[in-house]
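*Asks:* Would you mind keeping the following structure in view while I ask a few things?
The values are calculated or read from the model by the stated rules, or taken from the named source; none is laboratory data. Note that this is a predicted model, so its numbers are computed, not measured. Positions of Cβ are generated from backbone atoms using ideal geometry, with glycine treated the same way; all protein chains shown enter the neighbour counts.
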Amino acid sequence: KTIRNWAFDREGPDERRRRQIYSCNDWIYHGVHFGLLSVYEWPSDFSEGGTDPNNRHERDVMNYYIGTSRDADSWDLSWVYAGKPIVPRGPDGAFDKDLITPGSTIVTHADRHWLYYGGANERHGDPEVHFPRTHAIGLATLRLDGFVGLEAKDRPGTVLTRPFRLAGNRLEINVDARGGSLAVEVLDEQGQTIAGLSRAQCKPLEDVGGLRLPVAWHNQPDLSALHGKLVRLKFSLQNARLYAFQVRP
């Protein structure tokens, strides 16, 4: 659907009374389309009363969500339906308590994602109902590749990748394992553990956090012996959150 005729309709045709797409900017990052969505929620619902620049409202407001897509046609809007904006509106008295609109792009700088946005301290209104408000520019930042993460708590968890062709030698992990641990096992395309690269032989990442933490095994410091081969990675984690991994030359 194009933005001209895109409507939220998962909950039926009356969903337009609950939420509407106001704008969408397409930011492409590592081949993934990130829709920077301005979503108008409970449009023209003025049941919370007249102008109030101090108390945060929940009706006739605008929130900043992200949606993701591989082809810019089919979109994952889970964040919208879960009610989880990428930049939450501010609390009572904040300049951005009622309206947040995304900037045209996300800036990646100094290992952070910089999310500029416009904020306002009153609701949207309509041609017949006007709310005086002040506007300002805000900035939120996020750790590199920190949009989503796979997390295990006290109960250990595993993550198994699809087969992919190894195009580098060094495996680096973006993880927060402070108070926890993460280990990696390397499998062939049939799912069999490759000799020397088992979980037991991995030097675990323990009580650490970082964006590019190297992974090594006791008898193999890197993956150079598998360069060009199809492999799968199996991550085992406990009290840790895995954000991303990359294989570097």
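*Asks:* With respect to the numbered conditions (1) farther than 30 Å from Ser47 by Cβ; (2) outside any loop (DSSP other than H, G, I, E, B); (3) not assigned by TED's automatic domain parsing to the domain that holds Glu206, which one is the sole condition not fulfilled by Thr105?
*Replies:* (2)
*Asks:* For segment 13-21, state whether one or more residues are assigned by TED's automatic domain parsing to the domain that holds Gly119, assigned to a loop (DSSP other than H, G, I, E, B) and either within 21 Å of Thr105 (Cα to Cα) or in contact (Cβ under 8 Å) with a residue 40 or more places away in the chain (or both).
*Replies:* Scanning segment 13-21 turns up no residue that is assigned by TED's automatic domain parsing to the domain that holds Gly119, assigned to a loop (DSSP other than H, G, I, E, B) and either within 21 Å of Thr105 (Cα to Cα) or in contact (Cβ under 8 Å) with a residue 40 or more places away in the chain (or both).
*Asks:* Same structure again: Do the conditions hold for Thr51, that is, is it in contact with a strand residue (DSSP E or B) (Cβ under 6 Å, 6 or more places away or on another chain), at negative phi and assigned by TED's automatic domain parsing to the domain that holds Ile28?
*Replies:* no
*Asks:* Please state which one of Ala195, Ala225 is surrounded by fewer than 18 Cβ atoms within 10 Å (Cβ to Cβ), in a helix (DSSP H, G or I) and not assigned by TED's automatic domain parsing to the domain that holds Asp111.
*Replies:* Ala225
*Asks:* Would you please name the residue that is modelled with the lowest pLDDT, looking only at residues in segment 101-155 that are of a type in the set (A, V, I, L, M, F, W, C) and over 21 Å from Met62 (Cβ atoms)?
*Replies:* Among residues in segment 101-155 that are of a type in the set (A, V, I, L, M, F, W, C) and over 21 Å from Met62 (Cβ atoms), the one modelled with the lowest pLDDT is Val148.
*Asks:* Among the numbered criteria (1) farther than 18 Å from His124 by Cβ; (2) at pLDDT 95 or above; (3) aliphatic (A, V, I, L, M), which one does Ala94 miss?
*Replies:* (1)
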